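J.: Next up is a structure, given as structure tokens.
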Amino acid sequence: MSTTDQRVAVVTGAARGIGAATAVRLAAEGRAVAVIDLDEAACKDTVEKITAAGGRAIAVGADVSDEAQVEAAVARIAEELGAPTILVNNAGVLRDNLLFKMSVSDWDTVMNVHLRGSFLMTKAVQKHMVDAGFGRVVNLSSSSALGNRGQVNYSAAKAGLQGFTKTLAKELGKFGITANSVAPGFIATEMTKTTAERVGMGFEDFKAAAATQIPVQRVGEPEDIANAIAFFTGDAAGFVSGQVLYVAGGPLD
Ligand SMILES: NC(=O)c1ccc[n+]([C@@H]2O[C@H](COP(=O)([O-])OP(=O)(O)OC[C@H]3O[C@@H](n4cnc5c(N)ncnc54)[C@H](O)[C@@H]3O)[C@@H](O)[C@H]2O)c1
């Protein structure tokens, strides 16, 4: 495939976890991939995995909640890889606490990374999608969107991303752009490892306990989510838009 035919994908929070697995998976689908995370150096492993397999990728350091950094990152991606037409808004943080103990700054941080970040990234990338008459946006929601004790900030942000997704689908559909949301259940990453530490459990015990509550009797791996994202970002998914897919090893209440 010549580089001019190659679609360019942007994956945020792709230094590790679900974002890293998604970047690698999209590269295996033939995409050139911009690997965005807070620290450019931390993106090196993901980029090396892609280039070692013969793909094209660049590491980009940016805080998705910072407008100027997002603008600069997208301009650099368009210059170095080509116009981006696939965007995966995956960057995320947890600041869990019960409502009465939650600080305003923990509320704001979660809103800024998930909601402001997805808004800024999508706004910056959609220009390229509209020009190309093609685009695929995937926003990472969560099973927590349905409500989860200790996550009033995170569940509000993840439910917010579902509304954001549906509105994008309605506004941008006429330009050949689809928007969908993937809502993971329990996935084994640094994020869930931190939660295990917070509740004072070893990660293996924490995963084993979670698995007993999941119909398929295991926790998810980042690749399980990357597989769903690969479907939504593919050329064949052009009639699937505004959907939320729970990828959680079973149905949720
Ligand atoms: N792990 C799970 O069980 C799970 C479940 C549901 C949803 N999710 C969602 O999936 C996404 C990925 O989660 P993960 O488990 O891979 O998490 P992770 O903590 O392993 O990785 C998140 C990445 O996002 C980056 N990041 C954080 N803030 C950023 C910012 N402002 N700008 C740029 N990058 C930033 C981090 O540096 C990190 O590399 C998140 O949106 C998360 O909320 C995860």
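J.: Please get the size of the charge dipole for segment 133-205, origin at its Cα centre, with Cβ charges of +1 on Lys and Arg and -1 on Asp and Glu, quoted in debye to the nearest 20. The partial results should precede the final answer.
T.: Numbers: 8 positive and 5 negative charges, 88 e Å.
About 420 debye.
J.: Assuming R0 = 35 Å, can you tell me the calculated FRET efficiency for the pair Val104 and Leu252, based on Cβ-Cβ distance, to the nearest 0.05?
T.: Numbers: r = 30 Å, r/R0 = 0.85.
For Val104 and Leu252, the calculated efficiency is 0.75.
J.: Moving to a separate point now. At 222 nm, what helix-only mean residue ellipticity would the chain give, in deg cm²/dmol to the nearest 500, using -39500 (n - 2.57) for each DSSP H run of four or more? Spell out each step's value before the answer.
T.: On the way: 9 runs with 111 residues, N = 253.
Calculated at 222 nm, the ellipticity per residue is -13500 deg cm²/dmol.
J.: Along the positive direction of the dipole of segment 1-54 (beta-carbon charges: Lys, Arg +1; Asp, Glu -1; about the Cα centre), which of Ala52, Ala28, Gly17 reaches farthest?
T.: Ala28
J.: On to the next question. Might you report the magnitude of the Cβ-based charge dipole of the chain about its Cα centre, with Lys and Arg at +1 and Asp and Glu at -1, to the nearest 20 debye?
T.: Working: 23 positive and 27 negative charges, 117 e Å.
So the magnitude is around 560 debye.
J.: Continuing with this model, one more query. For segment 124-253, treating each Cα as an identical point scatterer without solvent, what Debye log10 I(q)/I(0) comes out at q = 0.10, 0.16, 0.17, 0.18 1/Å?
T.: So the normalised log intensities work out to -0.37, -0.83, -0.91, -0.98.
J.: For segment 7-51, take the alpha-carbon Rg, divide it by the Kirkwood Rh, and send me Rg/Rh. The partial results should precede the final answer.
T.: Working: Rg = 9.0 Å, Rh = 9.8 Å.
So for segment 7-51, dividing Rg by the Kirkwood Rh gives 0.91.
J.: Treating the beta-carbon of each Lys and Arg as +1 and of each Asp and Glu as -1, no other charges, what is the dipole magnitude of segment 48-145 about its Cα centre, to the nearest 20 debye? Mind showing how you got there, number by number?
T.: Values: 9 positive and 11 negative charges, 57 e Å.
Roughly 280 debye, rounded to the nearest 20.
J.: Defining a contact as two alpha carbons under 8 Å apart and six or more residues distant in sequence, what relative contact order in percent does the chain show?
T.: Details: 518 pairs, mean separation 46.2, N = 253.
Computed value for the chain: 18 percent relative contact order.
J.: Average projected area of the Cα convex hull of segment 94-185, in nm²? Don't skip to the end; give the middle numbers.
T.: On the way: hull surface 22.8 nm².
Projected over every direction and averaged, the Cα hull of segment 94-185 covers 5.7 nm².
J.: Which ordering of Thr212, Thr192, Thr12 is given by a fewest-first count of other beta-carbon atoms within 10 Å?
T.: Thr212, Thr192, Thr12
J.: Dividing the alpha-carbon radius of gyration of the chain by 2.2 N^0.38 Å (N being the number of residues), what value is obtained? Let's see the in-between values first.
T.: On the way: Rg = 17.4 Å, N = 253, 2.2 N^0.38 = 18.0 Å.
Working it through for the chain, the quotient is 0.96.
J.: Set Lys and Arg Cβ to +1 and Asp and Glu Cβ to -1, take the dipole of segment 166-241 about its Cα centre, and tell me which of Ala210, Pro184, Thr194 lies farthest positive.
T.: The one lying farthest along the dipole's positive direction is Pro184.
J.: Give, in nm to one decimal, the length gained when the segment between Lys170 and Asp5 is fully stretched (0.36 nm per residue of separation minus the Cα-Cα distance).
T.: Values: separation 165, 0.36 × 165 = 59.40 nm, distance 2.72 nm.
Between Lys170 and Asp5, full extension yields an extra 56.7 nm.
J.: Would you mind ranking Lys44, Lys158 so that the residue whose beta carbon has the fewest other beta carbons within 10 Å leads the list? Don't skip to the end; give the middle numbers.
T.: Working: Lys44 13, Lys158 26.
Neighbour counts put them in this order, fewest first: Lys44, Lys158.
J.: Which lysines, on any chain, are close to Lys44 with Cα under 24 Å apart, when same-chain ones fewer than 8 places away are left out?
T.: Lys193
J.: Could I ask something else about it? Compute and list, largest first, the equivalent-ellipsoid semi-axes of segment 39-99 from the alpha carbon gyration tensor, each √(5λ) rounded to a whole angstrom.
T.: On the way: eigenvalues 122, 56, 22 Å².
So the three semi-axes of segment 39-99 are 25, 17, 11 Å.
J.: Relative contact order of segment 30-108: what whole-number percent is it, with Cα pairs under 8 angstrom and at least 6 residues apart? Could the numbers behind the result be given before it?
T.: On the way: 77 pairs, mean separation 19.5, N = 79.
Relative CO of segment 30-108 lands at 25 percent.
J.: Roughly speaking, what % of Cα-Cα pairs in segment 1-76 are separated by over 19 Å, rounded to a whole number? Before the final figure, lay out each step's value.
T.: Numbers: 798 of 2850 pairs.
When all Cα pairs of segment 1-76 are counted, 28 percent exceed 19 Å.
Read the figures in this text as sums done on the coordinates, not as results from a lab. Worth saying up front: this structure is predicted, and the values here are computed from it rather than measured. Don't worry about glycine lacking a Cβ; one is built from the backbone with ideal geometry, like all the others, and counts go over all protein chains shown.
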